[in-house]
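Inspection log for the structure reproduced underneath, given as structure tokens.
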Amino acid sequence: MAPATESASARKKTVLLVDDESAIALLFELELTRMGYYVLKAHSGAEANKISADFPTPIDVLVTDWHMPDVSGDELACELLVQRPDLKVILMSGYPEADAVAKAFPENQLVFLSKPLSPAKLDETIRRLLRLHCKSDKQVA
């Protein structure tokens with residue numbers, strides 16, 4: 001077990017993945033875990049808010065769908081940024097209008113990705129947001 005004094009750079013990067021489509025959430029959860037991330041998964045904005053409120057350590061990136069039944073991804077991002085102001089956000093959507101919504105956020109805070117997208121593209125975007133430059137899985141953690 002890692003010591004409690006573990007530095008932020010030594011811990012796995014934590015991703016909160018929110019998508020109401022179970023198959024997409026599962027695919028990205030499995031792939032991001034394989035790539036070395038610690039993944040928290042939610043299927044709704046309410047579930048994501050609860051996970052964020054209960055999770056005791058930093059969440060590095062919120063990866064969220066834009067169009068969900070209970071809340072839009074940008075609204076969820078705003079809610080979570082109140083709790084976690086350093087949170088980086090990736091907003092995913094197949095709806096082109098979501099790109100315009102994403103432009104209301106600072107570029108270094110939120111990135112829009114058009115669906116469909118590959119796990120590799122998601123990983124590349126997470127790395128860019130977190131300024132992780134090494135391709136080695138060992139250095140993602």
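Details
- A 1.4 Å probe run over the chain, with the rest of the protein chains in place, finds 53 Å² accessible per residue.
- Heavy-atom accessible surface of the chain: percent carbon and sulfur, 1.4 Å: 58 percent
- Rg ratio (alpha-carbon, reference 2.2 N^0.38 Å) - the chain: 0.98
- Acute angle (nearest 10 degrees) that the helix 45-54 long axis makes with the longest principal axis of the chain, alpha-carbon atoms: 30 degrees
- Summarising the label geometry, the points placed 7 Å from Cα in the beta-carbon direction at residue 22 and residue 78 lie 3.1 nm from one another.
- Listed residue (87, 132, 59) projecting farthest to the positive dipole end of the chain, Cβ model: 132
- Note on region 41-118: Rg/Rh from Cα positions, Kirkwood definition for Rh, rounded to two decimals, is 0.94.
- Whichever aspartates and glutamates have a C-alpha closer than 17 Å to that of residue 88, once near sequence neighbours (fewer than 8 apart) are set aside: 19, 60, 65, 74, 75, 79, 99, 107, 123, 124
- Only Lys, Arg (+1) and Asp, Glu (-1) charged, at Cβ; region 1-117 dipole about Cα centre in debye: 480 debye
- For residue 112, residues with placed amide H under 5 Å, excluding near neighbours: 91
- Relative to the longest principal axis of the Cα atoms of the chain, the long axis of helix 119-130 lies at roughly 70 degrees.
- Inter-label distance for residue 50 and residue 108, nm, one decimal - labels placed 7 Å from Cα along Cα-to-Cβ: 3.6 nm
The values are calculated or read from the model by the stated rules, or taken from the named source; none is laboratory data. All values derive from a computational prediction rather than experimental measurement. Using ideal geometry, Cβ is built from the backbone for each residue, glycine included, and neighbour counts are taken over all protein chains shown. SASA here: full protein model, heavy atoms, side chains in, ligands and nucleic acids out. Shrake-Rupley method; radii C 1.70, N 1.55, O 1.52, S 1.80 Å.
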